[in-house]
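Please read the structure below before turning to the comments.
What follows draws every value from the coordinates through simple rules; no lab data is involved. Please read all numbers here as calculations on a predicted model, not as lab measurements. Cβ placement follows ideal geometry from the backbone for every residue including glycine, while neighbour counts extend to all protein chains displayed.
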Amino acid sequence: MSYKTLGVLAVSFVAASFAAQAAPYLLVDASSGETIVQNEATTPWYPASLTKLMTTYVALDAVRQGRLTMDTPLTMSMRAARMPASKMGFEPGTEVTLDNALKMLMVKSPNDVAVMIAESLSGSVEAFADEMNATAAKLGMRESHFVNPNGLHDPDHYSSARDMAILARALLTDFPDEASLFDIGTLQLGDQIIANHNGLLGRYPGADGMKTGFTCPAGFNIVASATHDGRKLIAIVLGNPSPRERNLEAAALFERGFSDSTRGPKLADLPASAQKEPKDMRGEICSRRNAAAIAAGEEDMMKILPAAATVSVVSHGKTGAPAPVMAVSPASLLLTQAIRPDPVPVFVGPKPGWTGPVLAARETAPAATPSDASAFANASAPAAAADSAQSAPLALMGAVKPPPPAAPKPPKVRKVAKLYPSHALKPKVKKANAQ
């Protein structure tokens, strides 16, 4: 389907189950920061694993500051290893370079690796969350507050479509040499092939990033980027009822954006939302689905609606009045069979020949396994990370795990019988009275 066919001023994917629910979405020009279409873009929302884009930004910024390198090994702690799925499942003590950890983070979206990055970089999850919030303020993300590096649900952990667009633009603008992190279709770890959860990659022409996310309170979220004729757009879709519909809405937004040159206000100029608390989508998303289906939510990315099905695309005039609905075949937006490039290899362990420090958490991990991120919010925040003027390999030397001390040998016990007469070892027994 040509872009002209979908040449309307605004577009929204409307699922039957969400007929009365206007979830946030946003389409923005990556170069100028001008919005093309948006709905509730400044409404607070639970970001789920979109959080890992901020984790990646903080990590790349630390590399830019000279605090560590992409080859610096990070260490999996007990706390990180006990994170719930999605996860890599590495044993505590496993070392992974930052470069490999970030690739895993963007493709598999492992919660354990996100915590490993946070603890190794800042010493603890709580200290890393402080860095995340400081970075958000610096970037102008007004509706965001982070308490963990992976997006596991916490009522105090939220963002917005506008803020996610600001973050996505900052990643592409500030770290252009690392843009390939967000465009990896599959990874190869040993004999294991790991597919990206982003169902647009290889299916929507020009799609080249970035990250998906899912929890029951958040719904199915995506930050997606696509490029045509040298022009890059960023689409944000939050709170969708399924990964399929999320992908189709993002694709429809791209179709709209690449077909029209109309521009709206810049991201910084979008008005604040009257809604102050994120909406909990648990009832709409998960109340009728079993635990296995929910856990497999992000693994269901590759399934596409039947070709006979249609997507409702609603257009709006400049005044916001709804225009007629067009029926669009999903097959015309997304390829049925994904086109996958060769897998990108990753490995566990330090890079051969590495002689620098190995970073790790500086605090003892909690014993409990969190079912969500509430444990992070209840923990007291430790002191801030080392002075940024110092380089991380020096400032974080205390994070290097020393080898465990050897267990002391038990003292030799001499036999008492050789020191005392044998009768001295016989206890005196009093005869008990009969009962």
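At a glance:
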{"quantity": "Formal net charge of residues neighbouring Ala137 (Cβ-Cβ distance under 14 Å; K, R +1; D, E -1)", "calculated": "-3"}
{"quantity": "Extension gain from Asp229 to Arg282, taking 0.36 nm per residue of separation minus the Cα-Cα distance", "calculated": "15.1 nm"}
{"quantity": "Segment Arg263-Arg142, length gained on full extension (0.36 nm per residue, minus Cα span)", "calculated": "41.4 nm"}
{"quantity": "Residue-count net charge about Leu102 - beta-carbon cut-off 11 Å; Lys, Arg +1, Asp, Glu -1", "calculated": "0"}
{"quantity": "Local net charge near Asp112, Cβ-Cβ under 11 Å (Lys/Arg +1, Asp/Glu -1)", "calculated": "+2"}
{"quantity": "Scattering curve values for the range 137-207, log₁₀ I(q)/I(0), Debye with Cα scatterers, q = 0.15, 0.27 Å⁻¹", "calculated": "-0.73, -1.17"}
{"quantity": "Extension gain from Ala274 to Asp71, taking 0.36 nm per residue of separation minus the Cα-Cα distance", "calculated": "68.6 nm"}
{"quantity": "Label-point separation, Trp354 to Ser31 (7 Å along Cα→Cβ), nm", "calculated": "3.9"}
{"quantity": "Ranked list, fewest to most other Cβ atoms within 10 Å of each Cβ, for Cys286, Cys216", "calculated": "Cys286, Cys216"}
{"quantity": "Cut-off under 5 Å, modelled amide H: who pairs with Tyr204 long-range", "calculated": "Leu335"}
{"quantity": "Cβ-derived FRET efficiency at R0 35 Å, Thr173 paired with Ile193, nearest 0.05", "calculated": "0.65"}
{"quantity": "Separation of alpha-carbon centers, the range 193-207 and the range 140-164, rounded to whole Å", "calculated": "25"}
{"quantity": "Cβ crowding within 10 Å averaged over residues, with 64-71, 91-98, 201-208 ranked highest first", "calculated": "201-208, 91-98, 64-71"}
{"quantity": "Under the Karplus curve 6.51 cos²θ - 1.76 cosθ + 1.60, θ = phi - 60°, whole-Hz ³J(HN,Hα) for the range 104-110, x wherever Gly or Pro sits", "calculated": "4, 4, 7, 9, 7, 6, x"}
{"quantity": "Burial order of peptide ranges 152-162, 133-143 (average beta-carbon count within 10 Å, highest first)", "calculated": "152-162, 133-143"}
{"quantity": "Subset of Lys103/Lys232; Lys232/Lys351; Lys138/Lys351 violating a 30 Å alpha-carbon distance limit", "calculated": "Lys232/Lys351; Lys138/Lys351"}
{"quantity": "Per-residue ³J(HN,Hα) for the range 233-247, Karplus 6.51 cos²θ - 1.76 cosθ + 1.60, θ = phi - 60°, Hz, x for Gly and Pro", "calculated": "10, 10, 10, 10, 10, 10, x, 6, x, 7, x, 5, 5, 4, 4"}
